[in-house]
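A quick write-up on the structure given underneath.
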Amino acid sequence: MGDLTVNIHNLKLKNPVLTASGTFGYGLEYDDFIDVSRLGGIVVKGTTIHPRQGNEYPRMAETASGMLNSVGLQNKGAKYFATDIYPKLLKYDTNILVNVSGSTIEEYIACAEIINELDHIPGIELNISCPNVKEGGMAFGTSCASIDAVVSAVRKVYHKTMVVKLSPNVTDIGELARAAEASGADSLSLINTLMAMAIDAERRKPILATITGGLSGPAVKPIALRQVWEVSKSVKVPIIGMGGIMNATDAIEFFLAGASAIQVGTANYLDPMITIKIIDGIDDYLNRHKFSSIHDIIGGLQL
């Protein structure tokens, strides 16, 4: 086996395969299918300081080469996670990251403070695609000023590895990536879902109760690859790539574009064992091409 280990700031990953927030629950749901400890890490579902019921149904819809979701960060809150979920995750021998979300900077701070106290959670993924309710609902991640405000504020209270998850729904993702890096991000993950919608032509109504939702799956991969490549040229911090990764070949493409690690999302719904297959497939690729380490291909796109 080739050397699959990578470092994401202070996180030492046994391999570069993680799971994407919102698609893998807390990992516990997959115990019947895989050895979760084989993964480089898992990013648990979006967590907020206050419990959230999520959006009205229907909130998921299948589309051509992908799916739409508007779940709305349904969770029982950070304190519930700390007291009821966290103890169950201690059995895993892998990196557990918590996706931290909020509607105000104060909510981000409060949630991060609780997660910071959990010894066996070595990092968070800051979801800045959330709407800033104090600024008219525009997502935190769509301007350099709002990125600086939220990332800097969380950086002051969170003392472990902080990954900032970027939104693709912007004009210049490189500029926004630099803003996140300058504000204290240790790593960047991208892309989050693309805003999209689906319509029921017979009823002449939107399929999702929220009208629009986030598009994920194979349809978004070309966009994700382009944005990972652009960001890799813009920042020095490591990048975690995601967006339509369905197999090992997809993962390899993200490494070549400049990602140091990847997250698998929608594919988990189709095949609960896909993450392990991707790990094995990456190793097979390295062996076939006579590379001794995953680092031999990171950023290795031939131009």
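Any read-out appearing in this document is the output of simple, stated calculations on the displayed coordinates, not a laboratory observation. What you see is a predicted model; the values in this text were computed from it and never measured. As a convention, Cβ positions derive from the backbone with ideal geometry for all residues, glycine included, and neighbour counts pool all protein chains shown.
Under a 5 Å amide H cut-off, with hydrogens placed 1.01 Å from N, I207 pairs with A198, I199, D200 among residues at least 5 apart or on other chains.
Just checking the listed ones, Q74, Q227, Q53: in the Gaussian network model of the chain with Cα springs under 10 Å, the one fluctuating most is Q53.
In order along the stretch 236-243, phi translates into HN-Hα couplings of 9, 6, x, 10, 10, x, 7, x Hz, rounded to whole numbers, per the Karplus curve 6.51 cos²θ - 1.76 cosθ + 1.60 with θ = phi - 60° and x for Gly and Pro. Could you size up the charge dipole of the stretch 154-303 around its Cα centre, putting +1 on the beta carbon of Lys and Arg and -1 on that of Asp and Glu, and report it in debye to the nearest 20? Dipole size: approximately 400 debye. Straight Cα distances below 14 angstrom link K88 to the aspartates and glutamates E29, D31, D119, with same-chain residues fewer than 8 positions distant left out.
When you count the other C-beta atoms within 10 angstrom of each residue and take the mean per peptide, 208-215, 17-24 line up highest first as 17-24, 208-215. Computed from point charges on the beta carbon alone (+1 for Lys and Arg, -1 for Asp and Glu), the dipole magnitude for the stretch 6-296 about its Cα centre is near 220 Debye. Loop-located GluC sites (Glu not before Pro) in the stretch 168-225 (DSSP state not H, G, I, E or B) with no more than 10 neighbouring Cβ atoms inside 10 Å: E202. Using θ = phi - 60° in the Karplus curve 6.51 cos²θ - 1.76 cosθ + 1.60, the 3J(HN,Hα) couplings for the stretch 16-25 round to x, 9, 10, 9, 8, 4, x, 10, 10, x Hz; x is entered for Gly and Pro. When the Debye formula is applied to the Cα atoms of the stretch 1-125, each taken as the same point scatterer, what base-10 log of I(q)/I(0) results at q = 0.10 Å⁻¹? The Debye formula, applied to the Cα set alone, gives -0.34.
Summarising the amide proton neighbourhood of M195: residues at separation of 5 or more, or on other chains, whose placed amide H is nearer than 5 Å comprise L215. Farthest toward the positive end of the dipole of the chain, out of G214, T23, V98, is the Cα of G214, where the dipole comes from beta carbon charges about the Cα centre. Dipole orientation for the chain: of the candidates A61, V150, I124, V150 has the Cα lying most toward the positive pole (charges on Cβ; Lys, Arg +1; Asp, Glu -1). Which entries of K79/K277; K79/K156; K14/K45 have Cα-Cα distances beyond 24 Å here? Listed pairs above 24 Å: K79/K277. Here's the picture: charge each Lys and Arg Cβ at +1 and each Asp and Glu Cβ at -1 in the stretch 230-303, and of G299, T275, Y285 the one pushed furthest to the positive end of that dipole is G299. Per-residue Karplus couplings for the stretch 3-8, computed as 6.51 cos²θ - 1.76 cosθ + 1.60 with θ equal to phi - 60°, are listed in order as 7, 9, 6, 9, 10, 10 Hz, Gly and Pro entered as x. The longest stretch of the chain left intact once loop-based trypsin sites (Lys or Arg not before Pro) with at most 13 other Cβ atoms within 10 Å are removed from consideration, loops following DSSP, is 92-202.
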